[in-house]
Amino acid sequence: MKLVQVAGWLGSGKTTLVIALGKGLSKNGKTVAIVVNEIGAIPVDGKVVEEYGLTVNDIGGGCICCQVSGNMFRTIKALYEGPRPDIVIIEPTGLAVPGSIRETIRAGAHEMDISMGPTIVLIDIPRAEKLLGYEGLKRLVTAQMVDADIIALSKVDMATEGELLEARGAVCVVNPRAEIIHLSTSKGEGVAALIQAVTETRVEA
Amino acid sequence: MSNPFKIIKTNPLHEDIKAYAVACRLSREEKVSSGELRDFAEELMDAISASCVRQGAKVLGHIKAYLVYETGFLHAHTLGEPGDVTVDGRDGDPVNHFKLVINSVVYGLSEEALKEATESALKNLRSKFGFLRESSFI
């Protein structure tokens, strides 16, 4: 069982990408489970993903990078002991720091035969300048980027060449080891590359 | 629902980000068409985001809604940029009642202001469309 994270600030396109990855991986013969964690008292995204025929495990009650990390681990364990899908896609809240989630998984991974796939962090290019303009948000978005194996510059169809160049430069400074992918899920750009990365990439657990 | 403000501050990076949620059942004696539901969802997203901005929100994390009824569902979403409301889903037959979940997450607004923005927009739109708020279902 391989675990993959799709992280990034609110509204960056995580749920849309998770649906596309789930469908694409299933089409390629992989069994897939999706773990959705949403900020706010009442989750919405899990219900939407289910409407597209995908298997969803909803985690509510807080953010899995801090408040409810135990719930996340119990969910992973239940999947491992139950249906044990080939790939588990974890969509944390838009506030989550992926490194904290990876640490939680690492702490319990010795009990299970699981591997870590890439941590994909989405950056909403049309809104990047606005988000990075507030110190509090800048710290959070930067912390998310630092933990990424792949940084997907999302909504590239809505971005100018200048915005893309600037974003690539900023990403290289914050996380020079991350692979950068241009993503427009609605147009299909970058989705195949991410499906391939999820299928083939293993990172150190 | 005892506490709709659900972010517990254990990660300092989450400071100044507030969430508010509503879950309720709405009804109308005259059946509501799928087109009307789409209009309602779109206007609701616009109204909440505009109210948040008016009250001083710096960045909208997201405003989203999920409407579900016997034969259909809608998912509405906005980041507060002009003209960016999206409404997706599966249209169903006209209904007398449906369930609605709203989830608002905003940076730079107090919990009380976010609640006011969300609830007042819902109240105004309910009035416009003639929907009665029957109950919460959480």
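Remarks
- Cα lying deepest toward the dipole's positive end in the protein assembly as shown, options A:Ala128, A:Gly162, B:Pro82, charges on Cβ: A:Ala128
- For chain A, adding -39500 (n - 2.57) for each run of n ≥ 4 DSSP H residues and dividing by the number of residues yields -13500 deg cm²/dmol at 222 nm.
- Here, P(r) means the percent of Cα pairs in each 5 Å bin from 0 to the largest distance; for region A:124-192 it is 4, 18, 27, 27, 19, 5, 1.
- For region B:17-138, the ratio of Cα radius of gyration to the globular rule of thumb 2.2 N^0.38 Å stands at 1.00.
- When you restrict to C-alpha pairs under 8 Å that are six or more residues apart and normalise by the size of chain A, the relative contact order lands at 26 percent.
- Ellipsoid semi-axes in whole angstrom, largest first, where each is sqrt(5λ) of the Cα gyration tensor of the protein assembly as shown: 32, 23, 20
- Sequence-distant lysines (8 or more away, or on other chains) whose Cα lies within less than 30 Å of B:Lys128: A:Lys47, B:Lys6, B:Lys18, B:Lys31, B:Lys58, B:Lys64, B:Lys99, B:Lys115
- Ranked by the mean number of other Cβ atoms within 10 Å of their residues, highest first, the peptides A:56-62, A:32-38 come out as A:32-38, A:56-62.
- Taking a sphere under 11 Å around the Cβ of A:Ile195 and counting the other residues whose Cβ falls inside, with K and R at +1 and D and E at -1, yields a net charge of +2.
- B:Arg126 - accessible surface, heavy atoms, 1.4 Å probe, Å² rounded to 10: 50
- Candidates A:Gly190, A:Gly99, A:Gly162: whichever shows maximal mean-square fluctuation once chain A is modelled as a Gaussian network with Cα springs under 10 Å: A:Gly162
- Neighbour net charge for A:Ser12 - beta-carbon separation under 9 angstrom, K R +1, D E -1: +2
- Equivalent ellipsoid semi-axes - Cα gyration tensor, chain A, angstrom: 25, 18, 16
- A 1.4 Å probe, protein heavy atoms only, puts the accessible area of A:Asp113 near 120 Å².
The values are calculated or read from the model by the stated rules, or taken from the named source; none is laboratory data. Keep in mind it's a predicted model, so treat the numbers as computed, not measured. In this analysis, Cβ positions are derived from the backbone assuming ideal geometry, glycine residues included, and neighbour counts consider all displayed protein chains. When the accessible area is computed, the model is the full protein with side chains, heavy atoms only, and any ligands, DNA or RNA have been set aside. Shrake-Rupley method; radii C 1.70, N 1.55, O 1.52, S 1.80 Å.
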